[in-house]
Amino acid sequence: MDVIRHELARSVSEKPDEREIQRAKAQLKTGLLMSLESSVSRAEQMARQLLAFDRLIPADELMGRVDAVTAVAVRDAAERLVTGSELAIALVGGNEGEDLQGVVEQSAAAG
């Protein structure tokens, strides 16, 4: 939990370095293009676009949007998402005998 809290705080206070941005862009574009190979994935992508944007977005426009992302934009988005609200935790499952309540209480005390 401390690592997550630290990384969230760091995402607001520091811009990601350019190599990290380029790797993320490459990974996202690869995933988007690979999703076009499966008819099921293509249908899911089209449905998401229609729900979110009320139109289908051509692949070249998607790639352009990804390419337009900057380190400053990433930091600004992180700031909007992370600041101004309390951190919420969702835990699913766990190992038998693991004290998940203790993890939550320890995290709350540290925050």
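The values are calculated or read from the model by the stated rules, or taken from the named source; none is laboratory data. Predicted model only: the values in this text are computed from it and were never measured. Here the Cβ is made from the backbone with ideal geometry for all residues, glycine too, and neighbour counts use every protein chain on show.
Look at V3 and say whether it is exposed (fewer than 10 other Cβ atoms within 10 Å of the Cβ), aliphatic (A, V, I, L, M), part of a helix (DSSP H, G or I) and without any contact (Cβ under 8 Å) to a residue 24 or more places away in the chain. Outline the logic, then answer.
Values: exposed (fewer than 10 other Cβ atoms within 10 Å of the Cβ): yes; aliphatic (A, V, I, L, M): yes; part of a helix (DSSP H, G or I): yes; without any contact (Cβ under 8 Å) to a residue 24 or more places away in the chain: yes.
It is true that V3 is exposed (fewer than 10 other Cβ atoms within 10 Å of the Cβ), aliphatic (A, V, I, L, M), part of a helix (DSSP H, G or I) and without any contact (Cβ under 8 Å) to a residue 24 or more places away in the chain.
In this entry, D2 passes the filter for residues that are farther than 18 Å from L56 by Cβ and over 18 Å from the mean Cα position of the chain (by Cα). Considering L62, L28, L51, the condition of being at pLDDT 90 or above and either polar (S, T, N, Q) or exposed (fewer than 10 other Cβ atoms within 10 Å of the Cβ) (or both) is satisfied by L51 alone. If only residues of region 32-41 that are hydrophobic (A, V, I, L, M, F, W, C) and assigned to a helix (DSSP H, G or I) are counted, the one that is surrounded by the most Cβ atoms within 10 Å (Cβ to Cβ) is L32.
The condition of being free of Cβ contacts under 8 Å to residues at least 60 places away in the same chain, within 30 Å of E105 (Cα to Cα) and of a type in the set (S, T, Y) holds for only one of S41, S85, S35, that being S85. For region 42-53, the condition holds for no residue, the condition being that it is among the hydrophobic types (A, V, I, L, M, F, W, C) and assigned to a loop (DSSP other than H, G, I, E, B). Within region 73-88, take every residue that is surrounded by fewer than 11 Cβ atoms within 10 Å (Cβ to Cβ) and of a type outside the set (G, A, S) and give me the one that is modelled with the lowest pLDDT. Checking each candidate, the answer is E86.
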